[in-house]
Amino acid sequence: MAVTSKRKLYLHIGYHKTGTTAIQTALVQENQLFLDHGYHYPQTGLQGRGHANLAWEVRHFRRFSRVNGTLADVIKNIERVAAPRVIISSEEFCKCNRAEIESLAQTLQDYDVMVIIYLRRQDQLLQSLWAQVTKTGHQIDSFPDWINSLNDGQTSIPDLAEERVIPPLNYAAAVADWASAFGQENIRVRPYERSQLNPNILIDFMQICDLEDTSWVPAVGESNVTPGIKTLETIRYLATKMKDSLSSDMGDHNRFYAVFINTLRETANGIGWNDQKLSLITPEIYQQVMTLFAEGNREVARTYLDREELFLEPFQEKPITAFDINDLTAEEAIEVIGPAFAEILHKASGSAHLYGRLYSRFGGQLLGHRRLLHFIERHPQLARTLRAFYRRFA
């Protein structure tokens, strides 16, 4: 496809947990405002608020859906809109390998592409990714055990290997791949530290996108908040007990498992389990992780920031948040698990056979806890509801 003049295209590739959700939310919710100021954020290729579907297309990933828009569709959309600047954004792009990046560069060769990369200190990134994987109900080791696996080069999550959940942690190598395809002069690296943002993530991002007057840029709120340790450890325990009990022949059982986990997480948030900010990084973990990547970080800093250190904020030791699942009382278990079961009951009207098997394999894992059974026996209404559910669908 021929383009008469090269239009500016800002390709925002993440990383994960660097305010991408806040940026994308603003670009979607205030789409017309940004367009009025010359910035087009295509609504084609979106998965949620970001262009993950485009990244999945480049990666030939199974979650790619042609219905949600392809790169070819986005290019057609761009050519129909007269805005001089285009923004494409997804943290999923940062998981692309060199061959995939080169393919993307070839596709975008008719545009003046600037690649924007926000980088977060690796220990903080790993804590956030551990929490993200845990809160969605996937099986994973405790945070310290998972970090220890770094020494063996093992940071994958068994049932998520194909998704490349953990992006490249060697930033020097990752950025070099993008520079090789798009040119080092077209790479913009920003450390994700509060003291280095001007003055918040959205304004900082728009300034990199060559916006001089930021007075009109909307305010951003906190989004994609990390759950607290009590919520995470409860979900991690349930994932261990329940996920394996659901066999692969149960059709869309994963969807119902997700419903259960999401409802539990929302309930936990509502009763204050997430009020305490997650803190898992000990001085030992900080030293262990950052030593692994120190030289690569310095290489990025020298190449793109003309200084020796990529991250400037010193490590601050904080009280570690911890929770032992054995300290979960029966009352607390009922308080968070009850609404999750209610949600499954709400969806149980369509398939008695499926939901009966779901309950017998899934609910039994939960209700087998003696303290929990004792508590149910002292609450007749709850007991009647659960027993009626069992009689109907088991």
> Which condition number in (1) outside any loop (DSSP other than H, G, I, E, B); (2) out of contact with any helix residue (DSSP H, G or I) (no Cβ under 6 Å at 6 or more places or on another chain); (3) touching a residue at least 40 places away in the same chain (Cβ under 8 Å) is the one that ILE23 fails?
Replying inline: (2)
> Restricting the search to the stretch 187-236, which residues are modelled with pLDDT of 95 or more, of a type in the set (A, V, I, L, M, F, W, C) and more than 20 Å from the chain's Cα centre (by Cα)?
Replying inline: ILE187, VAL189, ILE203, MET206, ILE208, CYS209, LEU211, TRP216, VAL217
> For the stretch 74-85, which residues satisfy the criterion of being of a type outside the set (S, T, N, Q), surrounded by 16 or more Cβ atoms within 10 Å (Cβ to Cβ) and assigned to a helix (DSSP H, G or I)?
Replying inline: VAL74, ILE75, ILE78
>> Looking at the stretch 282-299, I want the residues that are under 25 Å from ALA176 (Cβ atoms) and have a partner that is of a type in the set (A, V, I, L, M, F, W, C) and assigned to a helix (DSSP H, G or I) with Cβ atoms under 6 Å, at least 6 apart or on another chain. Which pairs are those?
In response: GLY296/ALA172; GLU299/ALA172
> When you scan the stretch 1-20, how many residues do you find that are of a type outside the set (A, V, I, L, M), in contact (Cβ under 8 Å) with a residue 24 or more places away in the chain and surrounded by fewer than 17 Cβ atoms within 10 Å (Cβ to Cβ)?
Replying inline: 1
>> Given the criteria in the same structural domain as PHE182 (by TED's automatic domain parsing), touching a residue at least 12 places away in the same chain (Cβ under 8 Å), over 22 Å from the mean Cα position of the chain (by Cα) and not in a loop (DSSP other than H, G, I, E, B), does LEU54 qualify?
In response: no
>> Restricting to the stretch 125-153, name every residue that is polar (S, T, N, Q) and either within 23 Å of VAL259 (Cα to Cα) or surrounded by fewer than 18 Cβ atoms within 10 Å (Cβ to Cβ) (or both).
In response: SER128, GLN132, THR134, THR136, GLN139, SER142, ASN148, SER149, ASN151
>> Looking at the stretch 308-335 only, could you name the residues that are exposed (fewer than 10 other Cβ atoms within 10 Å of the Cβ), among the acidic types (Asp, Glu) and modelled with pLDDT of 95 or more?
In response: GLU308
> Can you tell which of THR20, THR70 is in the same structural domain as THR107 (by TED's automatic domain parsing), within 30 Å of ALA131 (Cα to Cα), of a type in the set (S, T, N, Q) and modelled with pLDDT of 95 or more?
Replying inline: THR20
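For the stretch 105-152, name all the residues that are hydrophobic (A, V, I, L, M, F, W, C) and closer than 23 Å to PRO314 by Cα.
Hits for the stretch 105-152 are ILE117, LEU119, LEU125, LEU126, LEU129, TRP130, ALA131, PHE143, ILE147, LEU150.
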>> Regarding the stretch 131-141, can at least one residue be identified that is more than 17 Å from PRO227 (Cβ to Cβ), modelled with pLDDT under 90 and more than 15 Å from the chain's Cα centre (by Cα)?
In response: yes
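Kindly establish whether GLN106 is within 22 Å of TRP56 (Cα to Cα) and assigned by TED's automatic domain parsing to the domain that holds SER89.
Against the criterion (within 22 Å of TRP56 (Cα to Cα) and assigned by TED's automatic domain parsing to the domain that holds SER89), GLN106 qualifies.
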> Out of the stretch 142-169, which residues are at pLDDT below 75 and either over 14 Å from the mean Cα position of the chain (by Cα) or outside any helix (DSSP H, G or I) (or both)?
Replying inline: LEU150, ASN151, ASP152, GLY153, GLN154, THR155, SER156, ILE157, PRO158, ASP159, ALA161, GLU162
>> Just to be sure I understand, how many residues within the stretch 261-281 are at pLDDT 90 or above, buried (at least 16 other Cβ atoms within 10 Å of the Cβ) and β-branched (Val, Ile, Thr)?
In response: 1
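The values are calculated or read from the model by the stated rules, or taken from the named source; none is laboratory data. In this text the structure is predicted, and so the values were computed from the model without any measurement. Neighbour counts run over all protein chains shown; Cβ positions are idealised from the backbone, glycine included.
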